[in-house]
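Read the figures in this text as sums done on the coordinates, not as results from a lab. Keep in mind that this is a model prediction, so the values were computed, not measured. Note that we place each Cβ from the backbone using ideal geometry, even for glycine, and neighbour counts take in every protein chain shown.
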Amino acid sequence: MYLDNRRPTITPQLAFRVAIIGGVALLMFSVIFFRLWYLQVLSGDRYVAEANDNRVRDIKVQAPRGQIVDRKGQMLVDNRTALAVKITPAELPKAVSAQDDLYARLGDVLGRSPSKIRDDVREQLAAVPFSTATVKQDVDLPVVQYLLENNEDFPGVTVERVFLRRYPHDEIGAHLFGTVGEVTREQLGEKDYRGADQGDRVGQSGVEATYDRYLRGRNGATRVQVDAMGTLTGSLSDKQPRAGRQLRLGVDLDVQRTGQQALGEGSRGAFVVMDVKNGEVRALGSAPSFDPNLFAKTIKQSDYDRLSDPLNGNPLANRAIQGLYPAGSTFKLITATAGLEGGLIDPTTPVSDPGSLNVGGTVFKNAGDAVNGVISLRRALSVSSDVFFYKLGLEANGEGEGLGIQRWARRLGIGRKSGVDLPGELSGLVPSPKWRARANRQGIGDGRPWSAGDNINLSVGQGDLQTNPLQMAVAYAAIANGGRVVTPHLGKRVEDGDGRVLQELPAPARRRIDVEPENRDAILQGLRQAASSPGGTSADVFKGFPIPVAGKTGTAEKGLGRPDQSWYMALAPYPNPRYVVAVTDEAGGFGAETAAPAARRILAALFDVRGQDKKVVKGDSRTF
């Protein structure tokens, strides 16, 4: 039998399919080959480096913040070393139950809740797994000694020295120097806090916040090696921390302390001392004050609630830049400037003051029902004639911005932020017809239109006016220096630890306003007479004071049964003032009784005048 062993020829369709399958297989092989070549040849060094990084960790070493000193080099803020109890994760017991037992024993020793300790440790280690977790800062030495003596009962618990902020003058200058606190998540994303790490303590208020970029140092690191399980296997190197820079302020500590004392214990008020020529702040304070050392470590919620409670006076509020007050008769400097520059009066224009002014059936009276007769500007400022300025307010009332008073108030810095290098400044309010109409449209006003009475009230610093001591200091400084509206500032320069200058802080910009020299001189003469001539509102307070002072009292009525607010604005030495002092007390009554004596005491410290601790007011001898 014959057998045919020839195989059938492959069909074209089958050959095409085989080719496609082969091509796909070749392509897949090529991709795999190229990927392996890329990983092994081109990226090999990078992955080797990443593998090394996976077994090398940096443990942060805290850098101390820079010191803050006053213009004379006196220490305002520095650091102190403290003992902190921490947890080292590599030495913690692995079992959860053993960790809970540890936290319970630790809680008994430290006086903290074990659950709180556990939550804090977990949160910190989740953020930085290979660093230590802080359980409690600033632990007393006997507690530390107990932990060290019984270290077998506290596995993973270590003690480290840390830097905590120290405010050696306690409540003196608290609002000015500010506070520190742990950086927030939001701040970590801000430009001003670039370089800060989670857990770092940064400036949160005052100059601590404004100049944080200089005060905050650069953290160091201890580089350690860990295995694949995260267990510490050795130490590789140390990078030393770099301390923050020293900040020098224009503040005078002695004047600052005197200002705080002059406000008096239990008062609610503020003061500002400023150079009228360049805006350098020599002192700035608010009462009641607080101890910023409470913020050097984690502050208790109960302490924070107490410090921010309005019923307790809200000690955290800086009344010097956040107070919203009527200025009383101290505002008459602005009204006088508007009247003179607006052509409503000249320095010698006679105005009759019969003791009251009747406008549409409403009677506006002088304080104490005083009758001053025919007077001009200088005498009106000296005796603080309300009727004189009522008439200016009435004549200036009209459409727009009250024909001058509102415009000059804003030009002199009232109702606008001054630009001081402190966070949290409020702008305040200069009421006007436009403001009243806008408030009524928005449903936040009382519904009535602007009236002549509103402008009359504004002319003597009453009504809806809202300002603060720093704004008033800027306004008085502008008249004293001839028309330069300065920007208040605290920072002078940045220095190294030995006091060598590293950077002069730039002088803030100033605005220029035109005030006729004869108008300026007339206003200053009226203020000088108020502090020196018979009948002057503060003449008794400054009787015998060796430095010639020009000043203005103010008593602001706040209504609703609230006590009158006491104000005093001082310029010294007359006739070419170098400094302005602004003082206010929320419940101080007449300006000559409370604010003016405080201003005198501040001026005595500012000019280093000895033996000026007594004054005579209305025949009574009183001690500051």
Can you tell me the orientation of helix 12-37 relative to the chain, as the angle in degrees between its alpha-carbon axis and the longest Cα principal axis, to the nearest 10? 60
Roughly speaking, what is the centre-to-centre gap between region 240-256 and region 466-491 when only Cα atoms are used, to the nearest Å? 24
Taking every pair of alpha-carbon atoms in region 253-623, what share in percent sits in each 20 Å bin, from 0 to the bin with the longest distance? 30, 58, 12, 0
Quick check: Cα centre of region 290-346 to Cα centre of region 408-442, how many Å? 14
Mean ellipticity per residue at 222 nm, deg cm²/dmol - from DSSP H runs of n ≥ 4 across the chain, formula -39500 (n - 2.57): -9500 deg cm²/dmol
Among TYR103, LEU344, VAL180, whose Cα lies farthest out toward the positive end of the dipole of the chain, if unit charges sit on the beta carbon of Lys, Arg (+1) and Asp, Glu (-1)? LEU344
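Can you classify region 423-562 as rounded, prolate or oblate using the Cα gyration tensor, where a ≥ b ≥ c are the square roots of its eigenvalues, rounded means a/c under 1.5, and otherwise it's prolate if a/b beats b/c and oblate if not?
Details: a/c = 2.05, a/b = 1.25, b/c = 1.64.
Since a/c reaches 1.5 but b/c is at least a/b, the shape of region 423-562 is classed as oblate.
Going by a ≥ b ≥ c, the root eigenvalues of the Cα gyration tensor, does region 352-498 fall in the rounded group (a/c under 1.5), the prolate group (a/b larger than b/c) or the oblate group?
On the way: a/c = 2.78, a/b = 1.49, b/c = 1.86.
Verdict is oblate for region 352-498.
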What is the helix-to-structure angle for 114-127, meaning the angle in degrees between its Cα long axis and the longest Cα principal axis of the chain, kept from 0 to 90 and rounded to the nearest 10? 70
Going highest first, how would you order 584-596, 365-377, 79-91 by mean Cβ packing within 10 Å? 584-596, 79-91, 365-377
Once the Cβ-Cβ distance between ILE21 and ASP305 is put in as r, and R0 is 56 Å, what FRET efficiency do you end up with, to the nearest 0.05? 0.15
Row for the chain, column shape: gyration tensor on C-alpha, a ≥ b ≥ c, rounded if a/c < 1.5 i.e. under 1.5, prolate if a/b over b/c, else oblate; value prolate
If Lys and Arg each add +1 and Asp and Glu each add -1, what is the summed charge of the other residues whose beta carbon sits under 10 Å from the beta carbon of GLY342? -1
Kindly express, to the nearest 10 degrees and within the range 0 to 90, the angle between helix 469-480's C-alpha long axis and the longest C-alpha principal axis of the chain. 60
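Report the charge-dipole magnitude of the chain in Debye, nearest 20, computed about the Cα centre from +1 at each Lys and Arg Cβ and -1 at each Asp and Glu Cβ.
Numbers: 79 positive and 71 negative charges, 278 e Å.
The calculated dipole for the chain is roughly 1340 debye.
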